[in-house]
Structure formats: structure tokens, C-alpha cells
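S.K.: Before anything else, here's the structure in question.
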Amino acid sequence: MNAPGYRPPDLSLVGATHVARYEETDGEVGHEWNGTHILLLTTTGRKTGRPRTSALIYGRDGADYLVVASAGGASKHPAWYLNLRANPEAEIRIKAERVRVTAHTAAEAERPRLWALATQYWPNYDVYQTRTSRVIPLVVLSPS
């Protein structure tokens, strides 16, 4: 059962398919998704050392990009977040533009303001937080 305020997203474009279509079309397919925007985040696999790309909802805070490690409220952090903790240097792609970034998890003092921004562009984050006992990390990606 879904919590009040939850908007079930259209999941016809997710995961590896979402990444592939975004890459093939420079984001013409995949940048707009369920009324919000998607970027591609490429991290370095903490175990393999290989590039790993994920399609993620994002917002902005000045020059920074914001992504949320919600995994839909799963009990464990998503792999991309664990990769960023191991190596905060990454690349994002917004449509055809590629930007090198350095990641940090929002500090306790900045988190409430940034969480309010994140829930403006994806209100389901509040619902996801009710599904898990972990504090869902909010990640700031700063252009390097």
C-alpha cells in the first residue's frame, strides 16, 4: 500500500535501459522523466575499478547538483552512493554535456534546506524516507 502523497512513477524507462536510451539520444529520451529531470552519474566501482553509470533524478543548488541515495526507500544504500563514498570524483552527464564533479554527502547542518529542495522536484523522497530506518543520504555534486 502506498503512503499518502505518493505518486507512482511510470517505470517503463528505468535502469540500464534508461541509461542506454539517454546515451543514444544525448538525453532527448530520458532527461525528462515523470515530470522531473534525470542526469547520468558515472562513478568508479569500489570493487572493480570500472566505470558504473546510473540514471538519477537531480536538482540544483546554485552551481551544485543534488541527487538523493533513496533507492526507493530500500534498507541499503544504492551501489552508486557506496562508490562515491569510496571515491568522490565522478562525472555527470546532462543531455550531451559532461561535467566532472566531486561528491559529498550533505552535512547535518545543510541537509534540511537541501532536503526541502529535493522534495520540491521529487515529493516521493519524503515517502521513501518513511520506508526505511536509514537516513537517506542527500549528495551534493560540485563541479571540479
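S.K.: Which is farthest toward the positive dipole end of the chain among Leu66, Ala109, Ser142, measuring Cα position about the Cα centre, with Cβ charges +1 (Lys, Arg) and -1 (Asp, Glu)?
M.R.: Ala109
S.K.: Find the relative contact order for the chain and round it to a whole percent, using C-alpha pairs within less than 8 Å whose residues are 6+ positions apart.
M.R.: Relative contact order comes out at 27 percent.
S.K.: Right, next: Under a Cβ-only charge scheme (Lys and Arg +1, Asp and Glu -1), can you give me the dipole magnitude of the chain about the Cα centre, in debye to the nearest 20?
M.R.: Roughly 560 debye for the chain.
S.K.: Counting alpha carbon pairs within less than 8 Å and at least 6 residues apart, what relative contact order, in whole percent, applies to the stretch 1-60?
M.R.: RCO, the stretch 1-60: 27 percent.
S.K.: Still on this structure: What's the center-to-center distance, using Cα atoms, between the stretch 116-140 and the stretch 14-49 in Å?
M.R.: Between the Cα centre of the stretch 116-140 and that of the stretch 14-49, the gap is 20 Å.
S.K.: Just going by the charge dipole of the stretch 1-100, with Lys and Arg at +1 and Asp and Glu at -1 on Cβ, which of Tyr81, Tyr6, Thr42 is farthest out on the positive end?
M.R.: Of the candidates, Tyr81 comes out farthest on the positive side.
S.K.: Taking square-rooted eigenvalues a ≥ b ≥ c of the alpha carbon gyration tensor, is the chain rounded, prolate or oblate, where a/c under 1.5 means rounded and, failing that, a/b exceeding b/c means prolate?
M.R.: Taking the square roots of the gyration eigenvalues as a ≥ b ≥ c, the chain is rounded.
S.K.: Pull up all non-local amide H partners of Val68: gap of 5 or more, or a different chain, and H-to-H distance under 5 Å with H placed in the peptide plane.
M.R.: Amide H neighbours of Val68: Val139.
S.K.: Which FRET efficiency value, to the nearest 0.05, is calculated for Ser144 and Ser12 with the Förster distance at 30 angstrom and r the Cβ-Cβ distance?
M.R.: According to the calculation, E is roughly 0.30.
S.K.: Here's a follow-up. What is the percent carbon and sulfur in the accessible area of the stretch 42-95, measuring with a 1.4 Å probe over the protein chains and ignoring ligands?
M.R.: Carbon and sulfur together cover 46 percent of it.
S.K.: Taking H as built 1.01 Å from N, whose amide H comes closer than 5 Å to the amide H of His37, not counting residues under 5 places away?
M.R.: Tyr58
S.K.: Does a label point 7 Å from the Cα of Ala63, set along Cα-to-beta-carbon, have any residues of the stretch 105-144 with amide nitrogen under 11 Å, and which are they?
M.R.: 142-144
S.K.: When only Cα pairs under 8 Å and 6 or more residues apart are kept, what is the percent relative contact order across the stretch 69-137?
M.R.: It rounds to 43 percent for the stretch 69-137.
S.K.: Might you tell me the accessible area per residue for the chain, computed with a 1.4 Å probe and given in Å²?
M.R.: On a per-residue basis, 53 Å².
The values are calculated or read from the model by the stated rules, or taken from the named source; none is laboratory data. Treat the numbers as computed from the prediction; the structure is a model and nothing was measured. Please note: Cβ atoms are built from the backbone with ideal geometry, for glycine as well, and neighbour counts cover all protein chains shown. These area figures cover heavy atoms from the full protein model, side chains too; ligands, DNA and RNA do not enter into them. Shrake-Rupley method; radii C 1.70, N 1.55, O 1.52, S 1.80 Å.
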